[in-house]
Amino acid sequence: MPGPACWKNLERVQTMQFDLNEEQRALARTVRSFAQRELLPNYSKWDREKTFPRSLWKKLGGLGLIGMRVDAEHGGLNADCVTMGVAAEEIGRGDPNIGVALVVGELCGHMLQYGTARAAKEFLDPMMQGDLVPAFAVTEPHCGTDAGAMKTRAVRQGKNYILNGEKSGVTLTNVADFIVVYAKTDPAAGPHGVSAFVVNAEAPGVSKQYYEDMGAKSLVRGSISLDDVVVSEDYRLGLEGDGFKLMMKGFDVSRVYLALLCLGAAEISVEETIKYTRERSAFGKPLARFEAVSFTIAEHSGILESARLLCYKALWLRDQGLPHSKEAAMVKWMGPRFSVDAIRDCLLLHGHYGYTQEFPLEQRLRDVVGVEIADGTAQACKIVIARELFGREYLPYESLDYREGALQATAF
């Protein structure tokens, strides 16, 4: 007797897998070992010194972890998104700030593939080898989420462009060797008039100002001013007016990597807290035997695992060429937020010691809070989710054509 009509989908459902392949498992082991050996022992040191470890960046290049998804024809590994997610999660266990730097590298690598052979040779290849540190400049002092309202201009003069404007909230401002800059080549066209350029960080007319941030101190964010900066047309990435569209393709997956590196930081915090509460005693028995302790850890473990699975679903959808904006927006607000909640409770379960710098918990809390802002705040991501659920006609904007996609672009 034939079953219900819905059973026709059973064969497709049975192909779902929740395990990594052998290559991905090997990558996870390698990166976890690297994070435990090279990152975690230096995590607090780089925070105190407010320095980005260029020597470590070189090692990441040697492992092939910078620009992992760059096409093989450009010298990359052409890794799929799930594989990049595995690397991001494992790096987050050692130092989420280094994870953010890798995401910046992914965004820049994504854009540089649309550039000329000259741009690839001068910037993309050395970046992937760990010889050059990138920066990604979208946000401006007057606009972050509404990136389509940027005021930075790129005026064409012969075979060059003259760039003027200011970019803010730029990660790695102090050490970047080059910057992927977005500017309006056609101000009247809104986001369709945005073009992308790769700019030498030491070019005449480029100046920098650094921030004193609450966390992510090794990334040294800042503002970059562009005063009549001359950029050859060879350093334009993609066609004129394609910058915004190409940027959105990058952001739709980078937010998942950011969520995973936060979850990695929260996962190791939970593991450290399990160990601590097993060994620490109160009233004659281990803290872990108190339900107020064990239930807290149980709740966070379930929440983190749920967010983690949704992250990998989003990356799988991307790899299959299927719609994934909704899932990416979901994990972007869930991953950092739930990680902050978990790390905070882990800190409290360590008692007054957790509030000291003897443990990495207070630093993780400061660092992960910053990722709640990066690549789209929780509020902006919820608007994206609502757009996918209700339709574009229900977006809270007067001009949907102008605002389309703009709220995905807050930089960190």
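What follows is calculated from the coordinates using simple rules that are stated; it is not laboratory data. Because the structure is predicted, anything quoted here is derived from the model rather than measured. Because the Cβ atoms are built from the backbone with ideal geometry, glycine has one as well, and the counts that use them run over all protein chains shown.
For the chain, state what percent of all Cα-Cα pairs lands in each successive 20 Å bin, counting from 0 Å until the bin that includes the largest distance.
Pair shares across the bins are 27, 56, 16, 1.
Would you mind computing, in nm to one decimal, how far apart the modelled labels at Ala188 and Lys245 are, each placed 7 Å from Cα along Cα→Cβ?
Going from the Ala188 label point to the Lys245 one covers 2.0 nm.
Name all residues of segment 276-295 having a backbone nitrogen under 13 Å from the label point set 7 Å from the Cα of Leu40 along its Cα→Cβ direction, giving them as ranges.
Of the residues in segment 276-295, 276 have backbone N under 13 Å from the label point off Leu40.
Can you compute the charge dipole magnitude of segment 193-263 about its Cα centre, using +1 on each Lys and Arg Cβ and -1 on each Asp and Glu Cβ, nothing else charged? Give it in debye, rounded to the nearest 20.
Dipole of segment 193-263, to the nearest 20 debye: 400 debye.
What length, rounded to one decimal in nm, is gained on full extension from Ala203 through to Glu233, with 0.36 nm per residue of separation minus their alpha-carbon distance?
Length gained between Ala203 and Glu233: 9.3 nm.
Could you calculate the FRET efficiency of Asp71 with Gln357 from 1/(1 + (r/R0)^6), where r is the beta carbon distance between them and R0 is 56 Å, rounded to 0.05?
0.85
In debye to the nearest 20, how big a dipole does segment 135-240 give about its Cα centre with +1 on each Lys and Arg Cβ and -1 on each Asp and Glu Cβ?
Using only the charged Cβ atoms, the result is roughly 80 debye.
Between the helical axis of 361-371 and the dominant principal axis of the chain, each derived from Cα atoms, what acute angle in degrees is found, rounded to the nearest 10?
With both axes taken from Cα atoms, the answer is about 40 degrees.
Report, in degrees rounded to the nearest 10, the 0 to 90 angle that the Cα long axis of helix 22-34 makes with the longest principal axis of the chain.
Relative to the chain, helix 22-34 is tipped by roughly 90 degrees.
How high is the FRET efficiency from Glu279 to Leu309, r the C-beta distance, R0 22 Å, rounded to 0.05?
Working from the Cβ atoms, E equals 0.15.
Under a point spin-label approximation (7 Å from Cα along Cα-to-Cβ), what is the Gln157-Glu299 distance to one decimal in nm?
Those two pseudo-labels are separated by 6.1 nm.
Expressed as a whole percent, how much of the Cα-Cα distance distribution for segment 135-240 exceeds 24 Å?
Percent of Cα pairs beyond 24 Å in segment 135-240: 18.
At a Förster radius of 51 Å, what calculated FRET efficiency corresponds to the Cβ-Cβ distance of Thr51 and Glu393, to the nearest 0.05?
0.55
Of the options Val170, Ala135, Thr152, report the single residue whose Cα projects farthest towards the positive end of the charge dipole of segment 118-182 (beta-carbon charges: Lys, Arg +1; Asp, Glu -1).
Thr152
Please give the contour-minus-distance gain from Phe18 to Lys58: 0.36 nm per residue of separation, less the Cα-Cα distance, rounded to one decimal in nm.
Full-extension gain reported as 11.1 nm.
Counting other C-beta atoms within 10 Å, and keeping those with at most 14, which DSSP coil GluC sites (Glu not before Pro) do you find in segment 191-245?
Glu202, Glu212
Sorted by average packing, counted as other Cβ atoms within 10 angstrom per residue and highest first, what order do 384-395, 139-150, 77-88, 263-274 take?
Peptide ranking by packing, descending: 263-274, 77-88, 139-150, 384-395.
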